[in-house]
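The block underneath contains the structure these notes are about, expressed in structure tokens.
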Amino acid sequence: VLSHNLCTVLNVPHDPVALEEHFRDDDEGPVSNQGYMPYLNKFILEKVQGNFDKVEFNRMCWTLCAKKNLSKSPLLISDEDAFKVWVIFNFLSEDKYPLIIVPEEIEYLLKKITEAMGAGWQQEQFDHYKIALNTSREGLSAWELIDLIGSGQFSKGMDRQTVSMAINEVFNELILDVLKQGYMLKKGHKRKNWMERWFVLKPNIISYYVSEDLKDKKGDIILDGNCCVEALPDKDGKKCLFLIKCLDKTFEISASDKKKKQEWIQAIQTTVNLLRAGSPPPHKEARQKRKELRQKLLAEQEELERQMKELQAANENKQKELETVRKQLEAAAARAAEEEKKRLQNQVELQDRFSLELEREKMVRQQMEEQVAQKSSELEQYFQRVRELEEMYKQLQEALEDEKQARQDEETVRKLQARLLEEESAKRAELEKWHLQQQQTIQMTEAEKQELENQRMIKEQALQVAMEQLKQLELERKEALEQYEEVKKKLETAANNTKSWKDKVAHHEGLIRLIEPGSKNPHLITNWGPAAFTEAELEQRQRSWKGKKATSE
């Protein structure tokens, strides 16, 4: 039923098949507003062309919601007037949900109704009401606005009919775009007679009816930017004449008096000027300006609040900084007082210490004089000790000569040992080489085997000779080791003698530093330790070994 009525009011073809398909029976339960809104947007509102009666549409919406939300308490206005206030609320409310009307628009509406009633506007009373309203909320809902106007708070002393007429006049202006209306005489185009008609001026048309109930419409005067209005002189017994010129017709109209004539001429001329400029009706333009002004004031207020917050934050930071500086100054003052106190204490302590140091210095000077006398006697003893050390130094030099001779004997034995080790390693290398050649010989062909066997026998004999030589070298090395042990014992005996002399020197405060002989020639290092022969001896032994090898081959 709701969908069918909406389609009827909005002049949209109703599609019951789409309705049945959208709300087909399924497991999701009964229809809800969330389920109906997609259908309403897709199949009804998207098809609206704008050629529908907005008053009838508002009346249908009013029928749906008035019974549930309208106050049950008695009001000074009728249901029809409450409907018109509800429609005016929808026009003046803010473009956000839930819809509310802000105090500025409430003041504008109440002023319009008060002016339509011919009463004076009570600004002080509204200011008190506005203050009470701002403390609790941002604005009023539609039903609260109806209660406010129906309570008669701002229309005291006015009867119901006057209030109803005022509401109707404001409704005509704001909702029906009626800029002016009233009775005037119009001259006919065919009979040329004068008939009284009820004229209604809208932004682009002037309609005239038989009476103000608007039931019998007689015609329209279409206005555009090419129309004009002119005052006419009195003629044919008619006064207060003016002329409306359009492209296809001209209309002669007579007002009731000069004031009405001037008002109508000015209203029609203003309407034509607005059509030429492409501007909206005055009340819509004024509403848009009020809205823009509110938005501007809100933006300025938000900016002011933001700046106030920034200033407050900056002030708090400054307060914190000042508090910090104050604490720092207090701490600095406390530190300065403490430092002054410490300085005075240090000064007293320094004076006491200076006095003690003077006394101590006198005592030290006396002690130094006594020590100088004592040191003089010790110096004589020191010179006597030096002479004794010189005698000991001579004896130590003799011991060092003995030690040096023992080290030379040890060096000779070490060189001999190194030379024997070198010959032994050369023999071992040659044996390894022969062994490798023997292994290579085994891998030769059978034809060369006999010849290689003979060579092997020769080489084995040479190897036997080399082994005998190696044994001889081993015996010589053992003899050299025995000689090295004897020299080593001599060296230990000399070292012990040197050590006894070192102990004696250390006992006499270490005035003489021992000079020990060191090695002047580079030592050869073998697998068994330092060599016991020089490089020249090693070369001589190598040449001798090569000569023996050539003789054996």
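The values are calculated or read from the model by the stated rules, or taken from the named source; none is laboratory data. The model shown is predicted, which means the values in this text are computed figures rather than measured ones. For neighbour counting, all protein chains shown are included, and Cβ atoms are generated from backbone atoms with ideal geometry for every residue, glycine included. These area figures cover heavy atoms from the full protein model, side chains too; ligands, DNA and RNA do not enter into them. Shrake-Rupley method; radii C 1.70, N 1.55, O 1.52, S 1.80 Å.
Suppose the filter is β-branched (Val, Ile, Thr) and either surrounded by fewer than 10 Cβ atoms within 10 Å (Cβ to Cβ) or more than 30 Å from Asn496 (Cα to Cα) (or both); does Val386 pass it? Working first, answer last.
Numbers: β-branched (Val, Ile, Thr): yes; either surrounded by fewer than 10 Cβ atoms within 10 Å (Cβ to Cβ) or more than 30 Å from Asn496 (Cα to Cα) (or both): no.
No: the conditions fail for Val386.
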Margin query: It is to be established whether one or more residues within segment 430-449 are among the aromatic types (Phe, Trp, Tyr) and closer than 23 Å to Gln540 by Cα.
Written below: no
Note to self: Restricting to segment 121-167, give me the number of residues that are under 19 Å from Leu99 (Cβ atoms), part of a helix (DSSP H, G or I) and open to solvent by 80 Å² or more (accessible area, probe 1.4 Å).
What the structure shows: 2
Margin query: Here are the criteria: (1) part of a loop (DSSP other than H, G, I, E, B); (2) within 60 Å of the chain's Cα centre (by Cα); (3) surrounded by 15 or more Cβ atoms within 10 Å (Cβ to Cβ). Tell me which single one Gly225 does not satisfy.
Written below: (3)
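Among the residues in segment 131-141, are any among the polar types (S, T, N, Q), touching a strand residue (DSSP E or B) at 6+ places or on another chain (Cβ under 9 Å) and over 22 Å from Leu297 (Cα atoms)?
Our first condition is that a residue be among the polar types (S, T, N, Q); within segment 131-141, this holds for 134-136, 141.
Right, trim to touching a strand residue (DSSP E or B) at 6+ places or on another chain (Cβ under 9 Å) and you get 141.
From what's left, over 22 Å from Leu297 (Cα atoms): 141.
The answer is yes; a qualifying residue exists.
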Margin query: Between Lys96, Lys84, which is modelled with pLDDT of 85 or more and out of contact with any Leu (no Cβ under 9 Å at 6 or more places or on another chain)?
Written below: Lys84
Next item on the list: Select, from Met392, Met444, the only residue that is surrounded by fewer than 18 Cβ atoms within 10 Å (Cβ to Cβ), in a helix (DSSP H, G or I) and more than 60 Å from the chain's Cα centre (by Cα).
Entry: Met392
Checklist line | One residue from Gln381, Gln347 being of a type in the set (S, T, N, Q) and surrounded by 10 or more Cβ atoms within 10 Å (Cβ to Cβ) | finding: Gln347
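Which one of Glu430, Glu398, Glu451 is out of contact with any Phe, Trp or Tyr (no Cβ under 7 Å at 6 or more places or on another chain) and under 30 Å from Glu535 (Cβ atoms)?
Details: Glu398 fails: under 30 Å from Glu535 (Cβ atoms); Glu451 fails: under 30 Å from Glu535 (Cβ atoms).
After ruling out the rest, the residue left standing is Glu430.
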Checklist line | Every residue from segment 405-440 that is charged (D, E, K, R) and either open to solvent by 90 Å² or more (accessible area, probe 1.4 Å) or not in a helix (DSSP H, G or I) (or both) | finding: Arg407, Arg428, Glu432, Lys433
Item checked: Residues located in segment 283-303, provided they are loosely packed, with under 11 Cβ neighbours inside 10 Å and farther than 17 Å from Glu138 by Cβ -> Lys289, Glu292, Lys296, Glu300, Glu303
Notebook entry, point to check: Can you tell me how many residues in segment 94-114 are more than 55 Å from the chain's Cα centre (by Cα) and without any contact (Cβ under 8 Å) to a residue 40 or more places away in the chain?
Noted result: 0
Notebook entry, point to check: Where residues in segment 193-218 are assigned to a strand (DSSP E or B) and open to solvent by 80 Å² or more (accessible area, probe 1.4 Å), which of them is farthest from Glu252 (Cα to Cα)?
Noted result: Lys217
